[in-house]
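All of the numbers you see were taken from the coordinates with simple rules; none came from a lab. Just so we're clear, the structure is a prediction, and the values are computed from it rather than from any experiment. A quick note on method: Cβ atoms are made from the backbone with ideal geometry, for glycine too, and the neighbour counts reach across all protein chains shown.
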Amino acid sequence: MTTPDRRSSADVIALAKQYLIGNYTRYPVCLVRGDGSWVWDAEGKRYLDLFPGWGCGLLGHCPPRIVTAVQAQVAELIHVPNTWYTAPQADLAKALSDRTGWGGVCFFCNSGAEANEAAIKLARLHGRPRGRYKVVTMTNSFHGRTFGALSATAQPKYHAGLEPMLPGFLYAPHGDLDAVAKLIDTETAAILLEPIQGEGGINLPPAGYLEGLRKLCDQNGLLLMLDEVQTGMGRTGKWYAHQHWNIVPDVVTLAKAVAGGVALGGLITKPEVGALLKPGTHAATFGGNPLACRAALALIDTFDADHLLDRAVQVGERFRRHFLALKEKCPLVTEVRIKGAMIGVQLAVDGAAVVQKCLDRGVLINSTHQTVLRLLPAVNITDEQIDAGCGVIADVLLNHQA
Ligand SMILES: *Cc1c(COP(=O)(O)O)cnc(C)c1O
């Protein structure tokens, strides 16, 4: 055991302010330790974390099987490049493929943006022989901060000051099938979207939308590429959120929760599409390293052993009961959007002040798209923790002066 860091939040924050670039909005809290849905700051104050790791903490903080697996792996082999084979990487590829139900082969990287970059490359390689390179994406999408993924992200506020974007991206209003059909021409290669929009405010697809997009792709020879970076690996009650609908995608991208908080991204695709990524076309030095892959395998083991796909659904339904009851009493709540442990509460007011008040009361949540409270709780959160957290959020909203 190392000796715990005894510095105060104020000391660490002063240091960070001096030496870190200020590209994040941070709360003045220095976190030092976590356990499940609890997390503690440097002063020993405990918080209930309903947004662990910005969606990466699907099993909460320091889940025991991941801790044990990483501790074992770090002493065996930390990183080797992809010029060699490792068992954790091969095992993880099989585990992810088995869970698609349609086979699939994997490429590994380290983040969601990178996973989407690989998907965009696949779209171009797939379309090239027919002169196709354009990708249709949806308004209010979020695909990451690198230039390809950013160009795919149809939100002008994220492009501001960074233009020009990568050419070849066309944006359709989310949920509008006809608008997508109108954008498709002889140069279109793929459609890329989140099956449930996360950062855009927990937006579920309208009935028939994903099936309709699949049909458009089939009719036009396009790849249907699903960004499951936020929805993937069991969060919604299925391994991949698209499994709630009757579709088979061509490409699925993953990151965030896939290794329970250890940095890992990946892409799963049909073998004939995967074959387009040949040596020299794409690579990631850290991608699929044994440490991250062991963590991801431990996450899958935990889901299987503890029946967490079912639990994700129960978690969502418990939050739904709380928030629908609140909606009856509180005019600030206008809609509740939930799929498993992916929870959006639409407010009639700005969410930032609500998040701050919850923080003051020891409950960590997020607000996105100005007016949506977003919760991405751990699926192993207890009923008592859900009730306590919802109690605080309800109290804050019922006493909130907009
Ligand atoms: C977070 C997110 C990304 C970007 O992931 P990074 O790991 O931050 O690059 C991409 N797509 C979706 C849907 C996300 O939620």
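Once label points are set 7 Å from the Cα along Cα→Cβ at both residue 317 and residue 45, what is their separation, rounded to one decimal in nm?
Between residue 317 and residue 45, the simple spin-label model gives 3.6 nm.
Report the equivalent ellipsoid semi-axes for the stretch 45-137 in whole Å, largest first, defined as the square roots of five times the eigenvalues of the gyration tensor built from alpha carbon atoms. The partial results should precede the final answer.
Numbers: eigenvalues 201, 88, 34 Å².
Calculated on Cα positions only, the semi-axes equal 32, 21, 13 Å.
Residues in the stretch 35-74 near a label at residue 91, defined as backbone nitrogen under 17 Å from the 7 Å Cα→Cβ point?
Answer for this model: 64-74.
Let me make sure I get this right: for the stretch 89-221, a, b and c are the square roots of the gyration tensor eigenvalues over alpha carbons, sorted descending. Under 1.5 in a/c it's rounded, otherwise prolate if a/b > b/c, else oblate. Which is it?
The shape class here is rounded.
Is there a pair in 157/182; 182/238; 215/238; 134/278 whose C-alpha atoms are over 30 Å apart, and which pairs would that be?
From the list (157/182; 182/238; 215/238; 134/278), the Cα-Cα distance tops 30 Å for 182/238.
Can you grab the distance from the C-alpha centre of the stretch 273-328 to the C-alpha centre of the stretch 188-263, Å, no decimals?
About 13 Å separates the Cα centre of the stretch 273-328 from the one of the stretch 188-263.
What is the pair-distance distribution P(r) of the chain, computed from all Cα-Cα distances in 10 Å bins starting at 0, with each bin given as a whole percent?
For the chain, the binned pair fractions read 5, 22, 31, 27, 13, 2, 0 percent.
Skipping prolines and chain starts, which residues have an amide H placed within reach, meaning under 5 Å, of the one on residue 33, given they are 5 or more residues away or on another chain?
Residues meeting the criterion, in which the H sits 1.01 Å from N, are 40.
Could the peptides 310-321, 116-127, 275-286, 248-259 be put in order, highest first, of the mean number of other beta-carbon atoms found within 10 Å of their residues?
Taking the mean over residues of other Cβ atoms within 10 Å, the ranking is 248-259, 116-127, 310-321, 275-286.
Under a cut-off of 21 Å between alpha-carbon atoms, report the lysines in cross-link reach of residue 45, not counting same-chain residues fewer than 8 places apart.
Qualifying lysines at Cα under 21 Å: 357.
Quick one: what Rg and Dmax do you get for the stretch 230-273 from the alpha carbons, in Å?
Radius of gyration, then largest Cα-Cα span, for the stretch 230-273: 11.0, 31 Å.
Suppose the chain between residue 32 and residue 285 were pulled fully straight at 0.36 nm per residue; how much longer would it get relative to their current alpha carbon spacing? Show your work: numbers first, answer last.
Details: separation 253, 0.36 × 253 = 91.08 nm, distance 2.95 nm.
Value of the extension gain: 88.1 nm.
Over every pair of different alpha-carbon atoms in the stretch 193-266, take the mean of 1/r and invert it; report that Kirkwood radius in Å. Before the final figure, lay out each step's value.
On the way: mean 1/r = 0.0787 Å⁻¹.
Final number for the Kirkwood radius of the stretch 193-266 is 12.7 Å.
For the residue pair residue 145 and residue 388, what label-to-label distance in nm results when each label sits 7 Å from Cα along the Cα-to-beta-carbon direction?
Placing both labels 7 Å beyond Cα along the Cβ direction yields 3.2 nm.
With θ set to phi - 60°, apply the Karplus curve 6.51 cos²θ - 1.76 cosθ + 1.60 along the stretch 116-128 and write out the HN-Hα couplings as whole Hz, x wherever there is a Gly or Pro.
Taking θ as phi minus 60°, the curve returns 5, 4, 5, 5, 5, 4, 4, 4, 5, 5, 5, x, 3 Hz for the stretch 116-128.
Across 10 Å bins from 0, what is the distribution of all Cα-Cα pair distances for the stretch 77-306, in whole percents?
For the stretch 77-306, the pair-distance distribution reads 8, 35, 37, 17, 2, 0.
Sorted from largest to smallest, which semi-axis lengths in Å does the alpha carbon gyration tensor of the stretch 123-165 give for its equivalent ellipsoid, taking the root of 5 times each eigenvalue?
22, 11, 8
Contour minus end-to-end for residue 304 and residue 398, with contour as 0.36 nm per residue of separation and end-to-end as the Cα-Cα distance? Working shown, then result.
Values: separation 94, 0.36 × 94 = 33.84 nm, distance 3.90 nm.
Result for the pair: 29.9 nm of gain on full extension.
Calculate the spin-label point distance for residue 215 paired with residue 163, positioning each point 7 Å from the Cα along the beta-carbon direction, and give it in nanometres.
Rounded to a tenth, the inter-label distance reads 3.6 nm.
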